[in-house]
Structure formats: C-alpha cells, structure tokens
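Novice: I am attaching a structure below and will ask some questions about it afterwards.
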Amino acid sequence: MTKNSLFYIVTTVVIISLLWIFVQRLSMNHNEFFGFAENKQTEINLDKDIVVKKILVHKGEKVKQGQLIMQVANMDLLQEISQLNLSIEGIKIKSDLTQTEIQGEVLDLIRQKELKLSELNTKMATSVSELDFYKELLGADSSSQEIENHPASKYIQQLQSEAESIEKQYSMLIAHYQGLLVQPKETSMQKNLLEDKRKSLNQQMAMFDVVAPYDGVIGNLNVRQDEFVKAFTSMMSFYESTPPFVTGYIQEKFDVKLAIGDSVTIKSLYRPVGYVKGVISAKGYRVIEIPEKFRKIPDVKIYGVEVFITIPRANLFLQNEVLKISPIQ
C-alpha cells in the first residue's frame, strides 16, 4: 500500500466520522428539547424611609427563612420615640428644677442646637463644594442620575435629614421646657402612659428589621451601614438556593405533544448530576426566537414556543444551566 493510498483512506475515515457526528447532532430525537433552570429572585425594600443600623449578612451567604439579615430604624418612629423621650424627661425635670433652672436649661439647649447645626452646615458646605466641582468636571455631559449617584449627593441628603431631625428635637424640647414654666405638674400616671406608648413604639420599630423571606442566598447588597435609605429603594437582592423552575423551548416545526400537567424528565446537558422529573405548568402562546445557546447550530436562527416546568426544590441544577428535557411517554 502506497503512502498516498494510506493518506486517502485516513482522510476518508476522518471525513466520514465528522459527517456522522454532525448528523448525530442534528438527528436528536425531536421529542427532546432544551431549556434552562431559573431561580426566583426578590428585591428587598421597605415602604418607609429608614436608616440602616446593621447588616448581618454578606453577598453569596446562604440563609434560612426568617433569619435576621438587616437591622434598620424607621425615621418616623425614631422621631416619635425621641419626642416621647423628651416628654418623659421633661416630666422628671419639671419636678426637680426651679423656674430659674428651667430658663437656664432653655438657653443651654438653644446654644447646643446652634452648635450642632453649625457643624452640620459646615460639613454640608464642604460636600456641596465637592459636588459642584464634580459637576464642573462632567460639564455638559452630566446627567441627573450621575449626580444623584455621587457619594457627596447622598451625604448631603443624609446631612439635611440629620439637620431636620436636630431642629425638630431641640425645638420640641425647648418648647416643652418653656411650657413647664406655666403648666401644672404632670402626674405619675401621665408619665406611665407615655412610657407604655414608648414601649409599644419600640416593639413596632423591631417590625422593620429585615428577615429572609425564604431559604436562599444573598445577592447584591445595595446599601451600607448607617446609610439613609428612601422608601421603596432596593436594599438587596435575594434568590432561592436551588432553581424551582425550568423554561424550555420547543421548535415550532416539531409537533411535540405536551399539555399542561404532563410529566417530563430533565437533566443537565454538560454535568453528570442525574435527572429530575418535572411537570408542565404553562405553555407560551406566541412564537419567539430561541436563544442562541439552545440551538443545535448557534449561528442559525430558529423559532419556537416556551414551555414552563415546575421541578422539585431538591435538585442540583445551577441557575441558568442548559438542560435537556424529554417527555415521559
């Protein structure tokens, strides 16, 4: 046998092998189709303005349902509790101080308020200058979103909120002390009522602490400790540790007989992690382009219908993993 003959034989075998592999790839059972595992993801936010007091978890950490993951303070309740504290303290002071002493306390409170506000105004002026400098750097290309996302902008909002809180607290305390000069002494019963109300508000405050809505994994953390957060702002993302759903795609040219309630077997296309049984929970009512990674030939566009499948939570699939789905005959 000559070298040329051997070369032609080997080349022919290689070509036939490649053609066989290609045909096998295209001749997959038309009853089988591809899909991917989906995790339920939740954005955690609150319907009130709050301050983040403590973050108890880290990105990627697994947590149990009901586990405390973040401690926060509601601004409205904080203000109300602060006012009650002032009132309770005022009752105590009124019983101990003379009118002259109360007048001295009022003057001292005015000085304290002005000093604290002056310190905050200084910090605010520095931050405003920093933000103005940032705006000049951006020039005409600046956007309101970029400016709002700058740390100085958020710090200014926090300082403004703090200044408003100080103004309210001191103004109420000063007004209360001034009222002590003309009002009769409060009774111990009034003090007890205020303390009961304060206890109730502290219990309400605990209700704002954030707990895990279900067993899952912490995603992105969008806030920091001691940060002021406006209502309905996403504080963190949270998703299930194992995917409970699968979305599959059936090519429109294949007549796969599947109905809601039918069972299918599902396994990973690339990993040997066994298979699970799923149940068809819904089917799409429109033809869409099938994503590239679910095509036998990625560069060739194909179209089909979505199929939604519920699977047991006890599975080893990864989020967005490519899966092969087969109807159970």
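The values are calculated or read from the model by the stated rules, or taken from the named source; none is laboratory data. Keep in mind it's a predicted model, so treat the numbers as computed, not measured. Using ideal geometry, Cβ is built from the backbone for each residue, glycine included, and neighbour counts are taken over all protein chains shown. Quick note on the areas: whole protein, heavy atoms, side chains included, nothing else; ligands and nucleic acids left out. Shrake-Rupley method; radii C 1.70, N 1.55, O 1.52, S 1.80 Å.
Novice: State the extension gain, in nm to one decimal, for the chain segment bounded by residue 260 and residue 303, taking 0.36 nm per residue of separation less the distance between their alpha-carbons.
Specialist: Details: separation 43, 0.36 × 43 = 15.48 nm, distance 2.08 nm.
This chain segment gains 13.4 nm when fully extended.
Novice: Which aspartates and glutamates does residue 283 reach when only Cα atoms under 19 Å apart count, and residues fewer than 8 places away in its own chain are ignored?
Specialist: Within the straight-line cut-off, residue 283 pairs with 32, 38, 252, 255, 262, 306.
Novice: While we're on this one: At a Cα cut-off below 13 Å, give the aspartates and glutamates reachable from residue 123, other chains included and same-chain residues fewer than 8 away excluded.
Specialist: List returned: 162.
Novice: May I pose another question? Kindly provide the trypsin sites (Lys or Arg not before Pro) of the stretch 252-329 that DSSP labels as loop, not H, G, I, E or B, and whose Cβ sees at most 14 other Cβ atoms within 10 Å.
Specialist: Values: sites: 253, 257, 267, 277, 283, 286, 293, 295, 296, 301, 313, 324; in loops: 253, 257, 286, 295, 296, 301, 313.
Here the sparse-neighbourhood loop sites are 253, 257, 286, 296, 301, 313.
Novice: Ranking request for peptides 112-119, 82-89: highest mean number of other beta-carbon atoms within 10 Å first, then the rest in descending order. Intermediate results must be reported in sequence, preceding the final value.
Specialist: Working: 112-119: 13.2, 82-89: 16.8.
Order by mean packing, descending: 82-89, 112-119.
Novice: In the structure displayed, which of 92/168; 53/199; 40/257; 191/230; 53/154; 267/296 lie more than 25 Å apart, Cα to Cα?
Specialist: Working: 92/168 21 Å; 53/199 20 Å; 40/257 28 Å; 191/230 34 Å; 53/154 17 Å; 267/296 17 Å.
Checking Cα-Cα distances, 40/257; 191/230 exceed 25 Å.
Novice: At a probe size of 1.4 Å, how large is the accessible area of residue 129, to the nearest 10 Å²?
Specialist: Number for this one is 70 Å².
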